[in-house]
Amino acid sequence: MAEGVFKIPTKPPEPSPWWLKGGAIFIAFMGFFSLIGTFSFLLGGVMMEGIAEDMDPEEICQDDDDPQDCEALMEWVQSFSDLGLWDIGAAFSAFLFLFSIPTAAVMWNAEDRDTALKLGWAWIVIHATSQLYITHSYMTWLDDLYAMDPNFDFGWIRAFNIIAGYGSVLFCEAFFAAVLALISYQTRPPTALEVPSAFHDNDQ
């Protein structure tokens, strides 16, 4: 029986650098959308603040059959401008854009795999945190609407919004994580392949 181990003298092929370079393109692409998101949140916040200032609940609801409910609804609409998602969402998006620059650069260089992957995972964690915060803020704002009419059961509507809102975030982040996990697997360091040798028998 062969007891020796023969090590193949050929050097295992290095993983393709284009896996990390592809990750760099992906992060850069997402960073560009984060930049767009920054301006969108800033512009949206300014517009909502202007709308809230020009809106006079008493004037709008003076001819309504139920002015109290109407004013409560108008105040709820105005509260949308006070949500933290405008400022904090813009800050998250701006940070993600800035953070995507070194992340994409290190990935594109494809020389420091460990650092590139750590930066990539950090970017995904920050992105997931920002999306969950924005979704949570929006869902909390909707809950105030549901509480305005205790006579109507908003349970199924709320459940649908929660599933659609948080579900879409989890699906997107899981996709991003799967892409980075694939890159991590495809760029793992090569190892020498060892097989039993029939030419090194130790017969004693």
Does any residue of the range 42-60 turn out to be of a type in the set (A, V, I, L, M, F, W, C), crowded, with 16+ Cβ neighbours inside 10 Å and under 17 Å from the mean Cα position of the chain (by Cα)? no
Counting only residues in the range 129-156 that are closer than 24 Å to residue 44 by Cβ and of a type in the set (A, V, I, L, M), the one surrounded by the most Cβ atoms within 10 Å (Cβ to Cβ) is identified as 134
Search the range 57-83 for residues that are more than 15 Å from residue 149 (Cα to Cα) and pair each with any residue that is open to solvent by 70 Å² or more (accessible area, probe 1.4 Å) and at pLDDT below 80 when their beta-carbon atoms are under 7 Å apart and the residues are at least 6 apart or on different chains. none
Scan the range 66-123 for residues that are surrounded by fewer than 17 Cβ atoms within 10 Å (Cβ to Cβ) and within 18 Å of residue 20 (Cα to Cα) and report the count. 11
Taking the range 87-113 only, how many residues are in contact with an Asp or Glu (Cβ under 9 Å, 6 or more places away or on another chain) and without any contact (Cβ under 8 Å) to a residue 12 or more places away in the chain? 0
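The values are calculated or read from the model by the stated rules, or taken from the named source; none is laboratory data. Keep in mind it's a predicted model, so treat the numbers as computed, not measured. Please note: Cβ atoms are built from the backbone with ideal geometry, for glycine as well, and neighbour counts cover all protein chains shown. Surface areas here come from the heavy atoms of the whole protein model, side chains and all, with no ligands, DNA or RNA. Shrake-Rupley method; radii C 1.70, N 1.55, O 1.52, S 1.80 Å.
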